[in-house]
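**Q** Below you will find the structure I want to go over with you.
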Amino acid sequence: MNKTSLMEAFNLERKERTYKSISDYEIFEDKDLLDELRTKIIENLIDKEIPEESRLQEFINEEIDKTIEGYDLTNLQRNHLYTLIDNEISGYGPLTELLEDKNISEIMVNSPKEIYIEIDGELIKDESVSFINDEHIIRTIERMIGPMGRTIDASNPMVDSRLKDGSRINAIIPPLSTKGPVITIRKFKREMTSIDDFIRTGSMTSDMATFLDAAVRGKCNIIVCGGTGSGKTTLLNILSGFIPSEERIITIEDAAELQLKKEHVITLETRVTNYDDEGEVSIRDLVINALRMRPDRIIVGEVRGKEAFDMLQAMNTGHDGSLTTLHANSPKDALNRLETMVLMSGIEIPISAIREYITSAIDLVVNIERMSDGKRKITSIAELENLDNGEIILKEIFTFRQKGLTEKGEVDGEYKMNKQKPKVFQKIHARGISEIDNMFK
């Protein structure tokens, strides 16, 4: 389906669902009138105490009636205005329905009238919603990040946080953004909640799933790598589901996105500096502290800096079974980035020693990609075999090879498995896990 027909189908579905989904300016042909009425009502509400939910509908109707007196509005226009105001009070303003729509994976607000969405890997400009002005966007950002204890203003013009459902929000405002306030939201995906979902959608094979299950229970140290939006966190969530329920898990993230369905989970989240430029708590601080909390497993949402050395140190000192993600486009690229991050820690270690440290710490690197058709696939599961002339040797256990595209534009390819018994086999087998015994020669 091309981009035009995709947008037509999307708009048709939204219109069929409810009047709420129809474009603001399909109902209000005079867009200035809609902005005028919406602005008046919102400004009137700023200093007013919002009543309890039982009186909210009556309250909103009263405010609308006072504002539209003298205007000739249809019932549809009035109902649409009610929906917009209700979303301002009870939701996230104009973004409320986009956040609720399961078809949308990302939302990008570039300006009040320029909002893009991603559906099935396609980036589309959505004409169904709008903001009044830049101030309206900033108020919406504040409402989104407020419950997480984050703030945004001229002295702190950039924020990375999460919503209550686990969706990730990044916002940046002037003076850093010359165009005005910009919002980027990567929604939390509920549809991929189990390994069976990955198999069903062709993201991996059943043999790959069996192997990863055994590797996690066998306490292999695993890095999940991939590009932006490739599904690293989703896969990390699923892998963590294989951890035995009796183990104590410490998770460490900048913005808590992991949704572990386990009993014994301690979630740690970083903290940015306050107005006095004090109080910052970094990923590295939390990794060091986690080692004092008697963890059976340490899961770091994403390694991106100096904490890499502390993570490797934990893996090398008895904290087997640690999991993390890393932004990279291949297993080899992931290891190169890891080397660079260790050097960033300021510890003077020769490259050869760093590579030995990485080889002894990391067992597996799992690479996940978002393909050209928008689907995610695990394209490689590789183990760190050994060092040869100072270079880390990676051996692929499973790999996906793309052949081309089908007539429908879908990625065509096949999964390959290396039948040679991997080095991690012994580590897994030593823990009494036998599911992969017949998988390799």
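**Q** Please return the ranges of strands (runs of 3 or more DSSP E) entirely within segment 72-162 where 3 or more residues are under 29 Å from Gly279 (Cα atoms) and touching a strand residue (DSSP E or B) at 6+ places or on another chain (Cβ under 6 Å).
**A** Those strands (runs of 3 or more DSSP E) span 158-162.
**Q** List pairs: first in segment 118-142 and assigned by TED's automatic domain parsing to the domain that holds Thr83 and free of Cβ contacts under 8 Å to residues at least 12 places away in the same chain, second surrounded by 20 or more Cβ atoms within 10 Å (Cβ to Cβ) and assigned to a loop (DSSP other than H, G, I, E, B), Cβ under 9 Å, 6+ apart or cross-chain?
**A** Close Cβ pairs (under 9 Å, with a partner that is surrounded by 20 or more Cβ atoms within 10 Å (Cβ to Cβ) and assigned to a loop (DSSP other than H, G, I, E, B)) amount to Glu135/Pro181; Glu142/Ile152.
**Q** While we're looking at this one, here's another question. What do you reckon, is Ile250 more than 25 Å from Ser434 (Cα to Cα), in contact with a strand residue (DSSP E or B) (Cβ under 8 Å, 6 or more places away or on another chain) and in a strand (DSSP E or B)?
**A** Here the answer is yes, as Ile250 does meet what is asked.
**Q** Right, another one. Could you list, ordered by first residue, the pairs with Cβ atoms under 6 Å in which the first is in segment 151-168 and assigned by TED's automatic domain parsing to the domain that holds Thr140 and modelled with pLDDT of 85 or more and the second is crowded, with 16+ Cβ neighbours inside 10 Å and among the basic types (Lys, Arg), at least 6 apart or interchain?
**A** Taking only residues 6 or more apart or on different chains, the pairs are Val159/Arg150; Ser161/Arg150; Ser167/Lys187; Arg168/Arg162; Arg168/Arg186.
**Q** Follow-up question, since we're still on this one. Name every residue in segment 194-209 that is of a type in the set (S, T, N, Q) and not in a helix (DSSP H, G or I), in order of residue number.
**A** Result: Ser194, Thr201, Ser203, Thr205.
**Q** Could you list, in sequence order, all residues of segment 371-410 that are within 14 Å of Gly231 (Cα to Cα), surrounded by 17 or more Cβ atoms within 10 Å (Cβ to Cβ) and not polar (S, T, N, Q)?
**A** Within segment 371-410, Met371, Arg376, Lys377, Ile378 qualify.
**Q** Moving to a separate point now. Just one of (1) at negative phi; (2) modelled with pLDDT under 90 trips up Gly279, so point out which.
**A** (1)
Here is a yes/no grid of residues against (1) closer than 22 Å to Leu335 by Cα; (2) free of Cβ contacts under 8 Å to residues at least 24 places away in the same chain; (3) in contact with a Ser or Thr (Cβ under 9 Å, 6 or more places away or on another chain):
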position: Tyr357; (1), (2), (3): yes, no, no
position: Leu364; (1), (2), (3): yes, no, no
position: Ala382; (1), (2), (3): yes, no, yes
position: Glu391; (1), (2), (3): yes, no, no
position: Thr399; (1), (2), (3): yes, yes, yes
position: Thr406; (1), (2), (3): no, yes, no
position: Asn418; (1), (2), (3): yes, yes, yes
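**Q** Any residue in segment 386-395 that is assigned by TED's automatic domain parsing to the domain that holds Glu307 and touching a Gly at 6+ places or on another chain (Cβ under 7 Å)?
**A** Within segment 386-395, not a single residue is assigned by TED's automatic domain parsing to the domain that holds Glu307 and touching a Gly at 6+ places or on another chain (Cβ under 7 Å).
**Q** While we're here: Give just the number: which of (1) farther than 22 Å from Ile358 by Cα; (2) surrounded by 15 or more Cβ atoms within 10 Å (Cβ to Cβ) does Lys261 not satisfy?
**A** (2)
**Q** If you don't mind, there's one more thing I want to ask. Just give me the residues in segment 308-360 being hydrophobic (A, V, I, L, M, F, W, C), farther than 16 Å from Lys219 by Cα and part of a strand (DSSP E or B), in sequence order.
**A** Scanning segment 308-360 gives a single hit, Leu326.
**Q** Assigned to a strand (DSSP E or B), in contact (Cβ under 8 Å) with a residue 12 or more places away in the chain and within 22 Å of Arg217 (Cβ to Cβ), is that true of Asn386?
**A** Here the answer is no, as Asn386 does not meet what is asked.
The values are calculated or read from the model by the stated rules, or taken from the named source; none is laboratory data. None of these values were measured; they are calculated from a predicted model. Neighbour counts run over all protein chains shown; Cβ positions are idealised from the backbone, glycine included.
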